[in-house]
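> Have a look at this one.
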Amino acid sequence: IIIPVVYEWFDNFYGSYVHAKKNGRYGAIDKQNNVIVPFEYDELFCFTAHLFQVSKNGLSGYVGLNNEIVIPLIYDS
């Protein structure tokens with residue numbers, strides 16, 4: 001099994017990562033199924049190989065690997 005059947009949805013790998021949906025929230029995992037960005041976002045898009053555009057509670061920003069905030073979630077979605 002490459003990706004276990006615990007996700008409601010997932011997209012193709014973008015580099016080493018894939019964004020997925022679990023329990024109604026979006027996050028990202030790597031090829032070993034390690035969580036790279038926790039499943040806590042309303043939306044998540046792979047922006048680059050190491051940067052994700054995310055939104056939560058109507059606000060958007062960018063996070064890096066391990067959910068490091070690069071641009072705070074202060075912008076309207």
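> Could you quote the convex hull projected area for the chain, Cα atoms only and averaged over all directions, in nm²? Let's see the in-between values first.
Numbers: hull surface 18.4 nm².
Over all viewing directions, the chain projects a mean Cα-hull area of 4.6 nm².
> How much of the accessible area of the chain, in percent, comes from carbon and sulfur atoms when a 1.4 Å probe is used?
Numbers: 2510 of 4780 Å².
It is 52 percent, rounded to a whole number.
> Considering only protein heavy atoms, what per residue accessible area in square angstrom results for the chain with a 1.4 angstrom probe? List each step's numbers first, then the result.
Numbers: 4780 Å² over 77 residues.
That works out to 62 Å² per residue.
> While we're looking at this one, here's another question. Distance in nm between label sites at D42 and L59, each 7 Å beyond Cα in the beta-carbon direction?
A separation of 1.2 nm, rounded to one decimal place.
The values are calculated or read from the model by the stated rules, or taken from the named source; none is laboratory data. Everything numeric here is computed off the predicted structure, so don't read it as measured data. All Cβ positions, even for glycine, are placed from backbone atoms using ideal geometry, and neighbour counts span all protein chains on display. All accessible areas refer to the heavy atoms of the entire protein, side chains included, with ligands and DNA or RNA removed. Shrake-Rupley method; radii C 1.70, N 1.55, O 1.52, S 1.80 Å.
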